[in-house]
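Note sheet for the following structure.
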Amino acid sequence: MKKKIFFFKKGISNSNRIFKYNSIWFIILKKYGKIGIGECNPILEKSIDFNKFINELRNVCKKIISTKKLEIDYYYKYISYSSIFFALEQVFSTLKENFPLLFYSSFYKGEKGIPINGLIWAPFFISSKEEMVKKIVRMVKYKVCKGFSFIKMKFNFHIFSHQYLVLKEIKKIYPFLKIRIDANGSFLFKKKEILFDYINKLYELNIVHSIEQPILSHNNNWDDMAEICLKSKLPIALDEDLTYVHGIQKKREFLDIIMPKYIVIKPSANRGFFGSEEWIYEANKRNIKWYISSSLESNIGINAITQWSFVMNNKYKSNEKHGHGLDTVNIYINNINSPIELKKSSIWYNSLIKWDIEELLCNE
């Protein structure tokens, strides 16, 4: 088990917080000349107790050493954190195949890419509307030059009027663009009429594709979100809400009651590949569209998510044509050098580029 602190590039922030650094743990196993690496990134875990988290991670690592069991089912009863589930899936899969391989495919061979949306982070500490408009339009221009025609933008209702002007300006300059808005649950209104008023304004712009997680639902109080999904003129996607729902029966109940147009799948936050695939399977049965998103992982975690995403696309024939939310390859100043790269609004695995994992393997 090894900890590494990653430092975010300037300007990385969502609708609720500014990110400066992130502590990520790695589980590393070696056997018969093969290496397995699993990334454990708890940054999006809900109500995390770090002492409990670290103790649980240590205990799981000790059990792996003492029992030498490499079947993940054995460890489920000892794990309560999604990011630890995901780390074990990665380390066992890469040990079996030898890192960096998890799933052999035409993506891993560098023959096909995975379509993704471009990502615009939330602007904080902007002194004026004019400055915000200029800054975000510059960011959008950069994404368009990189080949993106579909962009995800972090949104915060506290600066709604500012960001509304931004969208109007983008519409003038790039009428072909579509914007996926990610509110991260920041639309915290006592009166839903205010929320629907904002949604209607965004709808009338005819540039917004959907709104991701306008409010947060807690303690099985799903009625408000169900009403929003039913009445909203714009499609609603659910993200953070999924992290509170565990078990196949609860997931079915959740989807049946709320019936969102989209769900956002995050293996780090949805109990790994196993829990994430349960969401995809149940969504497909209800004709709910889905796309996969990253959770501020380093390139080790991104490697696992992209390989798995390609497999899920082929297995379930992803019904979301605008791509996945995987535009987070370059968020860290000191990220781990890898063959994963962005080209023309897709993410690719360039097998000609070598991994640099010497720091992780040092003293292992």
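The values are calculated or read from the model by the stated rules, or taken from the named source; none is laboratory data. The structure displayed is predicted, hence computed values, not measured ones. Reconstructed Cβ throughout: ideal geometry from the backbone, glycine too, with neighbour counts over all protein chains shown.
I'm trying to understand the selection: among the residues of the range 140-163, which are more than 21 Å from Ile236 (Cα to Cα) and not in a loop (DSSP other than H, G, I, E, B)? Selection gives Val140, Lys141, Tyr142, Lys143, Val144, Cys145, His162. Among the residues of the range 77-120, write down those that are on the phi > 0 side of the Ramachandran plot and of a type outside the set (Gly, Ala, Ser). Across the range 77-120, the qualifying residue is only Asn98. Considering the range 1-84, the qualifying strands (runs of 3 or more DSSP E), each wholly inside and each with 2 or more residues that are in contact with a Cys (Cβ under 9 Å, 6 or more places away or on another chain) and not hydroxyl-bearing (Ser, Thr, Tyr), run over 21-31. Would you mind stating whether Ile333 is over 14 Å from Gly113 (Cβ atoms), of a type in the set (A, V, I, L, M, F, W, C), in the same structural domain as Leu230 (by TED's automatic domain parsing) and surrounded by fewer than 18 Cβ atoms within 10 Å (Cβ to Cβ)? Yes; evaluated as a whole, the condition is true for this residue.
The residue that is farthest from Ile18 (Cα to Cα), counting only those in the range 125-144 that are within 21 Å of the chain's Cα centre (by Cα) and not β-branched (Val, Ile, Thr), is Lys143. Number of residues in the range 243-283 that are closer than 29 Å to Asn206 by Cβ and either among the β-branched types (Val, Ile, Thr) or at pLDDT below 95 (or both): the value is 4. Residues of the range 17-28 that are touching a residue at least 12 places away in the same chain (Cβ under 8 Å) and either loosely packed, with under 14 Cβ neighbours inside 10 Å or under 17 Å from Ser268 (Cα atoms) (or both): Lys20, Tyr21, Asn22, Ser23, Ile24, Trp25, Phe26, Ile27.
If you go through the range 314-325 one residue at a time, do you hit one that is at pLDDT 95 or above and farther than 22 Å from Leu360 by Cα?
No, the range 314-325 contains no residue that is at pLDDT 95 or above and farther than 22 Å from Leu360 by Cα.
Ile136 meets all of the listed conditions (1) buried (at least 21 other Cβ atoms within 10 Å of the Cβ); (2) modelled with pLDDT of 95 or more; (3) in contact with a helix residue (DSSP H, G or I) (Cβ under 6 Å, 6 or more places away or on another chain) but one, namely (2). Remark: pairs (first residue in the range 32-50, closer than 20 Å to Ile18 by Cα and touching a residue at least 24 places away in the same chain (Cβ under 8 Å); second residue small (Gly, Ala, Ser) and in a strand (DSSP E or B); Cβ separation under 9 Å; 6+ apart in sequence or on different chains) = Asn41/Ser23; Pro42/Ser23; Ile43/Ser23.
Listed here are the residues, each with its yes/no results for (1) in contact (Cβ under 8 Å) with a residue 60 or more places away in the chain; (2) farther than 19 Å from Ser309 by Cα; (3) assigned by TED's automatic domain parsing to the domain that holds Gly33; (4) within 20 Å of the chain's Cα centre (by Cα).
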| position | (1), (2), (3), (4) |
| --- | --- |
| Leu57 | no, yes, yes, no |
| Lys69 | no, yes, yes, no |
| Tyr81 | no, yes, yes, yes |
| Ala87 | yes, no, yes, yes |
| Val91 | yes, no, yes, yes |
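Residues that are surrounded by 20 or more Cβ atoms within 10 Å (Cβ to Cβ) and in contact with a strand residue (DSSP E or B) (Cβ under 8 Å, 6 or more places away or on another chain) were ranked within the range 336-345; the one that is modelled with the lowest pLDDT is Ser345. Number of residues in the range 140-158 that are crowded, with 19+ Cβ neighbours inside 10 Å and free of Cβ contacts under 8 Å to residues at least 60 places away in the same chain equals 4.
Looking at Ile43, Ile28, Ile12, Ile18 in this structure, which one is among the aliphatic types (A, V, I, L, M), touching a strand residue (DSSP E or B) at 6+ places or on another chain (Cβ under 9 Å) and at pLDDT 95 or above?
Answer to the selection: Ile28.
Note on the range 296-333: residues that are more than 16 Å from Ile347 (Cα to Cα), in contact (Cβ under 8 Å) with a residue 60 or more places away in the chain and in contact with a helix residue (DSSP H, G or I) (Cβ under 9 Å, 6 or more places away or on another chain) total 1. For the range 187-216, give me each residue that is under 17 Å from the mean Cα position of the chain (by Cα) and either at pLDDT below 95 or farther than 12 Å from Phe157 by Cβ (or both). Selection gives Ser210, Glu212, Gln213, Pro214, Leu216. Within the range 1-13, residues that are free of Cβ contacts under 8 Å to residues at least 60 places away in the same chain and within 22 Å of Ile37 (Cα to Cα) sit with their Cβ atoms under 7 Å from residues that are of a type in the set (Gly, Ala, Ser) and surrounded by 12 or more Cβ atoms within 10 Å (Cβ to Cβ), at 6+ positions apart or across chains, in these pairs: Lys3/Ser23; Ile5/Ser23.
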